[in-house]
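Single-structure report; data block below.
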Amino acid sequence: MLADAKATRGAQLQNEFVVAEAGEVMLEAKGITKRFPNGVLANDHIDFTLKSGEVHAVLGENGAGKTTLMCILFGLLQPDEGEISIRGQKMDFRSPLDAIEAGIGMVHQHRKLIPAHSVIENIILGHPQARGVLKLKQIEEEVAALAESYGFKVDLRAKVWQLSEGEKQVVEILKALYRGAKILILDEPTSALTPVETEKLLDSILKMTRRDLGVVPFITHKLPIVLSLCDHVTVLQRGKVTARLQTCDATEQILAKKMVGREVIFNLKRPEVPTGAQILKVENLSARNNKGIMAFEGVSFILQEGEIMGIAGVAGNGQHELAEVLAGLRKAEGGSINFLGQDITNMSILNRWRMGIGYTPAERTDVGSIGAFSLVDNIFMNYYFDEEFNHKGVLDYKKMQRLTHEIIEEFDVATPGIDTSAHSMSGGNLQKIIMGRVFSRKPLLLIANLPAQGLDVGATEFVQRKLLEARSNQAGIILISEELDEILSLSDWVAPMYEGKIVDFIPIAEAKKETIGAMMAGSYQEK
């Protein structure tokens, strides 16, 4: 009886959302407070209001409490204090199912998908229709129509592990929409999307607010998107609301200062650094992607000490696979990699580390860390073979603890302690741990794959400074980024990639944003 009453209430609420008037208060949170057992006060008496037909941004540094607040609104966490109301009706979300029945959907920053299952299987998993005999063909048609209505394109029968990060994000959004979400919480929705996919997503968000009068709490660190898309902004610092403003009264500089409490430099000055000897030579390199299709081929370039080679490309054009081949995570189909005069094409990852090659992956949770491990143990993964920390098979844990403390201090990591598990860290602070682990070995060659993805403006500035410091210390750096501004700010050479090939090598003094953008899109024509 209780389950039936709950389902009826959820259906009534969803019907009410559809006929809501624009500007009506749809969701209101009062005095939301959340303390964790480790002593962290994540949310401190937060008041938050969402209205129909608006896009509302939630900004703050990594670890400011944004995701915790949204997890409470979605029923994943329960507040210690405070209350949530939907259209004036108090709610008691004890689980995400309660929130879903009330018309709330959440797309998480880190994917909640099962890689071995197909797209359609992931979308239907946990859905009320997923009982008894499934009418899979009918469901596929419904999801396909939903995707088309919002401009999304994805192969519903592909396995999730075969998809790009951008495609996985689309699956998450479709999963929420197919469950009838009218309030859609998006946590860093564009962090893994290509520029084209980002534009399509923003268009879809506008369609949602106009067509369904849905509410979209929008968590992001990309301030230009906030200013172009959102109506209102709520800023959090250390779990407290520090500012509420309309985007028409804001600029990037104003928002950044309110987030981090200081002026932020968006375009760092790249110091003049004399280049040294050749450190890396890549000749006619090729490799396949996870679907067995050639990801890139015929890639050749030379990198010298003290240089940053910026590889710019839309996701899915081979740059991700190139990074993995250089780091040793993916087999080369052909060609060669020469590092410091030695052929390392088929060398193990461990031996590459020992030679001085560092790699920071784009997937900080799936590849860059082990969620259940402590910060000490995650850093140990780059040191267990080092004689300084490993004496005839006996690991010196005290030394690792000291090193972890040093990394936390140098990289300004916000954490309760070194024994904190990686999965409890915010994305930005986990990225700092991964960067610190790699940088602490002082690599001669650094392969940085989307190093600032999903980071707030302050953390982005910090990571970029570290890359420039490594360059000043004569490290050679391969920087892979989908952010053209980042590429142009840090690189000595720009190498746009399109359909698995490097289109050109452009010295930074001659690099033009419009030209590189056209090369990335495959639409550049020489005049």
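So here's what we get for this one:
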| read-out | value |
| --- | --- |
| Helices (runs of 4 or more DSSP H) lying entirely in the range 327-443 (those with 3 or more residues that are surrounded by 14 or more Cβ atoms within 10 Å (Cβ to Cβ) and not aromatic (Phe, Trp, Tyr)) | 375-380, 397-410, 427-439 |
| Close pairs (6 angstrom Cβ cut-off, 6 or more residues apart or separate chains): free of Cβ contacts under 8 Å to residues at least 12 places away in the same chain in the range 388-403, exposed (fewer than 12 other Cβ atoms within 10 Å of the Cβ) and not in a strand (DSSP E or B) anywhere | none |
| Pair list, Cβ < 9 Å and 6+ apart or interchain, from the range 463-490 residues that are in contact (Cβ under 8 Å) with a residue 60 or more places away in the chain and assigned to a loop (DSSP other than H, G, I, E, B) to residues that are surrounded by fewer than 19 Cβ atoms within 10 Å (Cβ to Cβ) and among the hydrophobic types (A, V, I, L, M, F, W, C) | Gln474/Val273 |
| Any hit, the range 34-52, residues being of a type in the set (Lys, Arg) and modelled with pLDDT of 90 or more | yes |
| Output for the range 491-508, where each listed residue is without any contact (Cβ under 8 Å) to a residue 60 or more places away in the chain and of a type in the set (D, E, K, R) | Asp504 |
| Elements of type helices (runs of 4 or more DSSP H) in the range 102-192, at least 1 residues being touching a residue at least 60 places away in the same chain (Cβ under 8 Å) and buried (at least 16 other Cβ atoms within 10 Å of the Cβ) | 165-178 |
| Output for the range 247-296, where each listed residue is over 30 Å from Gly335 (Cα atoms) and aliphatic (A, V, I, L, M) | Ala250, Ile254, Leu255, Ala256, Met259, Val260, Val264, Ile265, Leu268, Val273 |
| Selection count where residues are at pLDDT below 90 and not hydroxyl-bearing (Ser, Thr, Tyr), scope the range 369-389 | 7 |
| Pair list, Cβ < 8 Å and 6+ apart or interchain, from the range 32-57 residues that are assigned by TED's automatic domain parsing to the domain that holds Leu236 and on the phi > 0 side of the Ramachandran plot to residues that are assigned to a strand (DSSP E or B) and small (Gly, Ala, Ser) | His45/Gly31; His45/Gly82 |
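This table checks each residue for (1) in contact with a Leu (Cβ under 9 Å, 6 or more places away or on another chain); (2) surrounded by fewer than 17 Cβ atoms within 10 Å (Cβ to Cβ); (3) in a helix (DSSP H, G or I).
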| residue | (1), (2), (3) |
| --- | --- |
| Pro274 | no, yes, no |
| Leu285 | yes, no, no |
| Gly292 | no, yes, no |
| Val299 | yes, no, no |
| Ile302 | yes, yes, no |
| Gly310 | yes, no, no |
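The values are calculated or read from the model by the stated rules, or taken from the named source; none is laboratory data. All figures in this text were calculated on a predicted structure; none of them were measured in a lab. Glycine gets a Cβ as well: all are built from the backbone with ideal geometry, and neighbour counts include every protein chain shown.
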